[in-house]
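The values are calculated or read from the model by the stated rules, or taken from the named source; none is laboratory data. Just so you know, these numbers come straight off a predicted model, no measurement behind them. Note that we place each Cβ from the backbone using ideal geometry, even for glycine, and neighbour counts take in every protein chain shown.
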Amino acid sequence: MASDYALSLEGVSKYYGDFAAVQDLSFRVPRGSICGFLGPNGAGKTSSVRMMLGLSQPSAGTISVLGGEGAKVLDRIGFLPEERGLYRKMSPVDMIVFLGGLKGMKASASRKKAIELLTAQGLGEFMYKPIKSLSKGMSQKVQLIGCLVHEPELVILDEPFSGLDPVNQQGLEDMIRDLAKRGATVLFSTHVMAHAERLCENVVMLTKGRKVFEGTLRQARERAPRYLELEGALTREQVTGLPGVSEVIDAGAGEEGACRWRLRFLPGVTPNEALKTVLVGGLDVRRFEAHEPTLHDAFIVLTNGGEPT
C-alpha cells in the first residue's frame, strides 16, 4: 500500500565538517498537497532539497521520496532549481524535448506535450524561436514546463517566483494550482510570504538548519500576535483592563489630541471580546482597527524570535 506522504524526512542532519547545515529535520508532505518550504537565506533549504533529490547524502536520518530514495525515483520528480539554466540557442520546443529525454520520454511524446504546454501558457508563437530572444518570464515558463513535461508525481520548486513581474507570478501560481488539481504534490521554497499564503495548505519553516514550525497556514498565523488599535479619550488603565490584553503600547497621539493605543493579546485570544467591552461600556473611542496576523508576521516571529515590524 502506497504511503499517504509523497515526502518524509525523519531526524535528518547534514554536516560539512564542523558546520551543521541541517539539524534533526523531520516533516512530511501529504500526497496531492502544496507545501511551502520557508526560511531565511542560509536556513538549510537548499541542503535539504539536495538530500531529497539524492544529490547529497544525509549525515544522519532517513528520507523517503515517493516511497523510495530520491536518486531511484528521479524520473517521477520534477525539479526547478533556483539557478536557472537553458541552452539559449535552442528553441523552447527542442529544449523541452531534450529535458523530457533525460527523464526517459520518447521524443515524439515530449514534443507533443511541449507544444500543448507552451500553447496553454501563451508561448505558442515563440515555441520555435531561440530562447535568447525570450523575456525572463517567458524563459522561466519554458524551464518550468521542462520540469513538468514528464508529468511528475512530485514537483520541487526552489524560489520559483524570483525575478518575475506580477503578471508572470500570477501565471506561475495558476500552474502550481493546476499541478495539485491533477494530483501532483508540490514543495516550493520562497521568501515571498504572499505566494505561500495564497497557495499553500501546509508550511514548514526553517532557521539556522532547524525546523521551527510545521503545520497549516492557520496554525502558523496563530503563532503571531493579534492586536487592536484604539484611538480616543482613553487612559492606559482603561485599556489595560480589557479582556485578554497581554500588552499595551503607546502608539502616539491621534487626531485632536486623542490617545492611540496598540493592544496585544494572549495566545489564541481574539480582539473581539475587548472590542465588545469597549463599545458596550461606552468608552470614548473615535476609531478602532483590528489586525489579524499574516503569514509574514508568523514568519518573522518564528524565524527570528521577535515581533513583526
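Just for segment 231-258: of the residues that are of a type in the set (A, V, I, L, M, F, W, C) and part of a strand (DSSP E or B), which one is surrounded by the most Cβ atoms within 10 Å (Cβ to Cβ)?
Checked segment 231-258; the qualifying residue surrounded by the most Cβ atoms within 10 Å (Cβ to Cβ) is V245.
So, in segment 267-288, how many residues would count as being under 32 Å from the mean Cα position of the chain (by Cα) and on the phi > 0 side of the Ramachandran plot?
1
Is there a residue being without any contact (Cβ under 8 Å) to a residue 60 or more places away in the chain, in contact with a helix residue (DSSP H, G or I) (Cβ under 8 Å, 6 or more places away or on another chain) and in the same structural domain as K113 (by TED's automatic domain parsing) anywhere in segment 43-51?
yes
Among the listed residues M193, M205, identify the single one that is under 30 Å from P166 (Cβ atoms) and either small (G, A, S) or touching a strand residue (DSSP E or B) at 6+ places or on another chain (Cβ under 7 Å) (or both).
M205
Taking the condition of being among the acidic types (D, E) and surrounded by fewer than 16 Cβ atoms within 10 Å (Cβ to Cβ), how many residues in segment 156-172 meet it?
1
Cβ-Cβ below 6 Å, separation at least six or inter-chain, first residue in segment 56-83 and over 18 Å from D24 (Cα atoms) and in the same structural domain as K141 (by TED's automatic domain parsing), second surrounded by 15 or more Cβ atoms within 10 Å (Cβ to Cβ) and among the acidic types (D, E): which pairs?
Partner pairs satisfying both residue conditions: L66/E153; R76/E153; P81/D158; E82/D158; E82/E159.
Which one of the conditions (1) more than 20 Å from V203 (Cα to Cα); (2) in contact with a helix residue (DSSP H, G or I) (Cβ under 9 Å, 6 or more places away or on another chain) does L38 fail to meet, given that it meets all the rest?
(1)
For residues in segment 259-275 being touching a helix residue (DSSP H, G or I) at 6+ places or on another chain (Cβ under 9 Å) and more than 22 Å from L302 (Cα to Cα), which is surrounded by the most Cβ atoms within 10 Å (Cβ to Cβ)?
W261
Does any residue in segment 207-230 that is buried (at least 19 other Cβ atoms within 10 Å of the Cβ) and in a loop (DSSP other than H, G, I, E, B) come within less than 6 Å, Cβ to Cβ, of a residue that is modelled with pLDDT under 90 and among the β-branched types (V, I, T) six or more places away or on a different chain, and which pairs are these?
Between residues of segment 207-230 that are buried (at least 19 other Cβ atoms within 10 Å of the Cβ) and in a loop (DSSP other than H, G, I, E, B) and residues that are modelled with pLDDT under 90 and among the β-branched types (V, I, T), the close pairs are A224/V301.
Can you pull out the residues in segment 232-249 that are free of Cβ contacts under 8 Å to residues at least 12 places away in the same chain and not β-branched (V, I, T)?
Answer for segment 232-249, where residues must be free of Cβ contacts under 8 Å to residues at least 12 places away in the same chain and not β-branched (V, I, T): E237, G241.
What number of residues within segment 138-181 satisfy the criterion of being part of a loop (DSSP other than H, G, I, E, B) and at pLDDT 90 or above?
Number of matching residues: 5.
Mind checking which strands (runs of 3 or more DSSP E) fall wholly inside segment 1-46 and carry at least 2 residues that are over 14 Å from the mean Cα position of the chain (by Cα)?
Output list reads 5-16, 19-30.
A quick yes/no check of all residues on (1) in the same structural domain as L86 (by TED's automatic domain parsing); (2) under 19 Å from the mean Cα position of the chain (by Cα); (3) more than 30 Å from V65 (Cα to Cα); (4) surrounded by 15 or more Cβ atoms within 10 Å (Cβ to Cβ):
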{"position": "F126", "(1), (2), (3), (4)": "yes, no, yes, yes"}
{"position": "K136", "(1), (2), (3), (4)": "yes, no, yes, no"}
{"position": "Q140", "(1), (2), (3), (4)": "yes, yes, no, yes"}
{"position": "I145", "(1), (2), (3), (4)": "yes, no, no, yes"}
{"position": "L154", "(1), (2), (3), (4)": "yes, yes, no, yes"}
{"position": "D174", "(1), (2), (3), (4)": "yes, yes, no, no"}
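Spot the failing condition for G100; the list is (1) surrounded by fewer than 20 Cβ atoms within 10 Å (Cβ to Cβ); (2) touching a Ser or Thr at 6+ places or on another chain (Cβ under 7 Å); (3) in contact (Cβ under 8 Å) with a residue 12 or more places away in the chain, and only one is missed.
(1)
Which of the following residues is under 18 Å from V29 (Cβ atoms) and loosely packed, with under 15 Cβ neighbours inside 10 Å: G183, G122?
Selected residue: G183, the only one of G183, G122 that is under 18 Å from V29 (Cβ atoms) and loosely packed, with under 15 Cβ neighbours inside 10 Å.
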